[in-house]
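K.L.:
The structure that follows is given in the form of structure tokens.
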Amino acid sequence: EANRNHFFIRPRKFGKSLFFSMLSYYYDINKKKDFDKYFGGLYIGKNPTLQRNSYAMLTFDFSGLDTSSEDEFKKSFSGKVQDSVRLFLNLYENIFPQAKLLIREIVDGKQGIGALDTAFNEALQNNVKIFVIIDEYDHFANDLIAMGEYRGKDFYKRMVAANGLVRDFYERIKDATKTSVHRTFITGISPVMLDDLTSGYNIAQILTLSSKYNEMMGFTQKEVDWLRDVTGVNPELITVDMEKYYNGYLFNAEGENRVYNPAMVLYFFNQILDYGRPPKNIIDLNLRTDYGRLQKLVKNEDNRNTVLQILRDNAVTAKIEDKFSIDMLNDGDYFISLLFYMGLLTIEGQHKFQTRLCIPNYSIKTLYWEYLEKFARKNSSEMKIDASKLNDTIYDLAMEGNVNDFVKYVSENAFCKLSDYDLQRFDEKYIKILLLAYLFMSDVYVPMSEYETVPGRADIYLHRSPLLPEIKYEWLFEIKYCKVSDSEEEVAVKKQKGLQQLDEYITSFRLKDRTDLRSALLVFTGKDRFEIIAHNF
């Protein structure tokens, strides 16, 4: 790239830190003698660039900073910078003759981010080019944003505003790009801080949404297949649809391939290699840390409604903003863009000249359902959940083919608790959300919303867990909602339409002749009445 300063972000667990490690080994002047060892058999080893092994690598990782107070943050941030510069001078003692003296001066003077100038000046005097890498550049920013509207937001703004500590850090690097810093590469999860820094760091070329770099991180299907074979994973032990669970990410509508989250794939394969079976938890529990961040971001009612809309419709149409300020996170397109950068949404395609975004895979969708279920528990003192009783109803659904007890349980514990205000906007899609939220509390089924049967899409399909092959029955549910004021004729029309849809689903190519599949029409009236119409019991 013509610009030597790059900004590239991807969701958590996409291999950014490992990518930076690779960059370091490729460009590090101290690793020159080992170049063939690491890269000799690879494309980049056989086609080296002129600048390989020609830089002193100055790296920063801003994860794990103390954000409990401004004073602690300043101390923590300054300490991270100082430690990184000390390590830098120590690693390149062979080319910096004053390294030991400078390290003592940094420690004795407690220079903090002022240590940057010491490193840059030493490099300039010795004609050494520096490559600056910043990993997790926005980690603390996301933590501060999540603190809330007042404390976290103001705290954050003071750090990135003019004369703020963080802004000062980036301004010093920007100034050094005119002298000793010849390359920079910054990564993180969201572009929010880049915009708030404005002129403090406006030199970077943003590569994030480029079609050229769509597959730079993440695994294509071809790479997953290669990884499976080269590590010796037994294909017969892959009892889940990996594409549905881990694939689906697209970062440019013109990208050639969708990519898997690499950490999800490695987790799944490692479990098979270590234990000789697929993992009990198909979804890596480390992903769930994003749930906490999501919960804090949706304190705003508009953002909560956006999440509910995504769950209800399985997609949303919006413009992906390449950068935005913290002040914009309560606006529709900007909040949706943040969900995209966090990996909670991805590009599905184009719709009416706009980008249509969808939930990338089943693992991420589960995070949404967990958010919804926990949010419901927290915000409704009346919504009591008896896990034992709920599990009994789902067991009966799976082994006895009894759907009545489960629907009755959700009706009594969720639907009946709704207010009249809730009912004003109520429809069958909200019923589906509540039913799915309860189904996700059990590991018996893999609940799928809007399951494609071709023709048509079933409201809910309950696929047996791959770890519980003894489950007798899978289920298809079609849901209809009637207002209390609907006439008998209107209700009859909805019932007839629902039964016709179920007929289409179970006779489709994908589902026909399934003796273990049951289907039912669930008709809800108001908030306290329901009827289950057996279909193929």
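The values are calculated or read from the model by the stated rules, or taken from the named source; none is laboratory data. Keep in mind that this is a model prediction, so the values were computed, not measured. Here the Cβ is made from the backbone with ideal geometry for all residues, glycine too, and neighbour counts use every protein chain on show. Heads up: the accessible areas ignore ligands, DNA and RNA and are worked out on the full protein's heavy atoms, side chains in. Shrake-Rupley method; radii C 1.70, N 1.55, O 1.52, S 1.80 Å.
K.L.:
Could you tell me whether the range 516-525 includes any residue that is at pLDDT 90 or above and open to solvent by 60 Å² or more (accessible area, probe 1.4 Å)?
P.N.:
The answer is no, given that none of the residues of the range 516-525 is at pLDDT 90 or above and open to solvent by 60 Å² or more (accessible area, probe 1.4 Å).
K.L.:
Which condition does I238 not pass, out of (1) in contact with a strand residue (DSSP E or B) (Cβ under 9 Å, 6 or more places away or on another chain); (2) among the aliphatic types (A, V, I, L, M); (3) surrounded by fewer than 16 Cβ atoms within 10 Å (Cβ to Cβ), if it passes all the others?
P.N.:
(1)
K.L.:
Can you tell me which condition F96 does not meet? The list is (1) over 14 Å from I29 (Cα atoms); (2) at pLDDT 95 or above; (3) of a type outside the set (S, T, Y), and all the others hold.
P.N.:
Looking at each condition in turn, F96 falls short on (1).
K.L.:
Ok, one more. Checking I479 against (1) open to solvent by 40 Å² or more (accessible area, probe 1.4 Å); (2) in contact with a helix residue (DSSP H, G or I) (Cβ under 7 Å, 6 or more places away or on another chain); (3) among the β-branched types (V, I, T), which single condition isn't satisfied?
P.N.:
Condition not satisfied by I479: (1).
K.L.:
Go over the candidates L250, L297 one by one and state the one that is more than 30 Å from V444 (Cβ to Cβ), touching a strand residue (DSSP E or B) at 6+ places or on another chain (Cβ under 7 Å), open to solvent by less than 50 Å² (accessible area, probe 1.4 Å) and among the aliphatic types (A, V, I, L, M).
P.N.:
L250
K.L.:
So is D331 free of Cβ contacts under 8 Å to residues at least 60 places away in the same chain and farther than 30 Å from V240 by Cα or not?
P.N.:
It is true that D331 is free of Cβ contacts under 8 Å to residues at least 60 places away in the same chain and farther than 30 Å from V240 by Cα.
K.L.:
I'd like the residue in the range 325-349 that is open to solvent by 30 Å² or more (accessible area, probe 1.4 Å) and either part of a helix (DSSP H, G or I) or acidic (D, E) (or both) and, out of all such residues, is modelled with the highest pLDDT.
P.N.:
Filtering the range 325-349 for residues that are open to solvent by 30 Å² or more (accessible area, probe 1.4 Å) and either part of a helix (DSSP H, G or I) or acidic (D, E) (or both), the one modelled with the highest pLDDT comes out as E348.
K.L.:
Can you pull out every residue in the range 52-93 that is within 25 Å of N142 (Cα to Cα), of a type outside the set (K, R) and free of Cβ contacts under 8 Å to residues at least 40 places away in the same chain?
P.N.:
Correct list: D66, S68, S69, D71, E72, S76, G79, Q82, D83, S84, V85.
K.L.:
Pull out all pairs, ordered by first then second residue, where Cβ-Cβ is under 9 Å, the residues are six or more apart or on different chains, the first lies in the range 15-36 and is closer than 17 Å to N94 by Cα and open to solvent by less than 50 Å² (accessible area, probe 1.4 Å), and the second is modelled with pLDDT under 95 and charged (D, E, K, R).
P.N.:
none
K.L.:
Inspect all residues belonging to the range 515-527 and state whether any of them is in contact with a helix residue (DSSP H, G or I) (Cβ under 8 Å, 6 or more places away or on another chain), within 19 Å of T239 (Cα to Cα) and among the aromatic types (F, W, Y).
P.N.:
Scanning the range 515-527, I find no residue that is in contact with a helix residue (DSSP H, G or I) (Cβ under 8 Å, 6 or more places away or on another chain), within 19 Å of T239 (Cα to Cα) and among the aromatic types (F, W, Y), so the answer is no.
K.L.:
Let me ask you something else. Of everything in the range 37-66 that's of a type in the set (A, V, I, L, M, F, W, C) and part of a helix (DSSP H, G or I), which residue is surrounded by the most Cβ atoms within 10 Å (Cβ to Cβ)?
P.N.:
F39
K.L.:
Residue pairs, Cβ under 8 Å, 6 or more apart or interchain, first in the range 502-521 and more than 19 Å from E400 (Cβ to Cβ), second open to solvent by less than 10 Å² (accessible area, probe 1.4 Å) and part of a loop (DSSP other than H, G, I, E, B). List them.
P.N.:
E504/T453; Y505/T453; Y505/L511; S508/T453; R510/T453; L511/T453
K.L.:
Further question on the same structure: Identify all residues within the range 11-43 that are in contact with a helix residue (DSSP H, G or I) (Cβ under 6 Å, 6 or more places away or on another chain), at pLDDT 95 or above and under 15 Å from F185 (Cβ atoms); write none if there are none.
P.N.:
Matches in the range 11-43: Y25 only.
K.L.:
How about the range 482-499: which of its residues are without any contact (Cβ under 8 Å) to a residue 24 or more places away in the chain and either open to solvent by less than 50 Å² (accessible area, probe 1.4 Å) or farther than 24 Å from F406 by Cβ (or both)?
P.N.:
Scanning the range 482-499 gives S485, S487, E488, E489, E490, A492, V493, Q496.
K.L.:
Next question. Taking the criterion of being part of a strand (DSSP E or B) and open to solvent by 30 Å² or more (accessible area, probe 1.4 Å), would at least one residue in the range 464-472 satisfy it?
P.N.:
Taking every residue of the range 464-472 in turn, at least one turns out to be part of a strand (DSSP E or B) and open to solvent by 30 Å² or more (accessible area, probe 1.4 Å).
K.L.:
Would you check which residues across the range 258-283 are more than 19 Å from K16 (Cα to Cα) and open to solvent by 30 Å² or more (accessible area, probe 1.4 Å) and list them?
P.N.:
Across the range 258-283, the qualifying residues are N270, Q271, L273, D274, Y275, G276, R277, K280, N281.
Here is a yes/no grid of residues against (1) assigned to a strand (DSSP E or B); (2) of a type in the set (V, I, T); (3) at pLDDT below 90:
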position	(1), (2), (3)
E478	yes, no, no
V484	no, yes, yes
S508	no, no, no
I532	yes, yes, no
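K.L.:
Can you find a residue that is under 31 Å from the mean Cα position of the chain (by Cα), over 17 Å from V444 (Cα atoms), of a type outside the set (S, T, Y) and modelled with pLDDT under 95 anywhere in the range 385-399?
P.N.:
Yes, there is a match, as at least one residue in the range 385-399 is under 31 Å from the mean Cα position of the chain (by Cα), over 17 Å from V444 (Cα atoms), of a type outside the set (S, T, Y) and modelled with pLDDT under 95.
K.L.:
Check the range 510-528 and report whether any residue there is among the charged types (D, E, K, R), in a strand (DSSP E or B) and over 20 Å from C416 (Cα atoms).
P.N.:
Yes, because at least one residue in the range 510-528 is among the charged types (D, E, K, R), in a strand (DSSP E or B) and over 20 Å from C416 (Cα atoms).
K.L.:
Restricting attention to the range 229-252, which residues are modelled with pLDDT under 90 and either small (G, A, S) or touching a Phe, Trp or Tyr at 6+ places or on another chain (Cβ under 7 Å) (or both)?
P.N.:
Correct list: K244, Y245.
K.L.:
Just to be sure, is T208 of a type in the set (S, T, Y), assigned to a loop (DSSP other than H, G, I, E, B) and under 17 Å from the mean Cα position of the chain (by Cα)?
P.N.:
Taking the combined requirement at face value, the residue satisfies it.
Table: residues versus (1) at pLDDT 95 or above; (2) open to solvent by 20 Å² or more (accessible area, probe 1.4 Å); (3) touching a Lys or Arg at 6+ places or on another chain (Cβ under 8 Å); (4) not in a strand (DSSP E or B).
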site	(1), (2), (3), (4)
E105	no, yes, no, yes
E122	yes, no, no, yes
Y156	no, no, no, yes
I173	yes, no, no, yes
L194	no, no, yes, yes
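K.L.:
Among the residues of the range 350-365, write down those that are polar (S, T, N, Q) and either open to solvent by less than 20 Å² (accessible area, probe 1.4 Å) or at positive phi (or both).
P.N.:
Hits for the range 350-365 are N361, S363.
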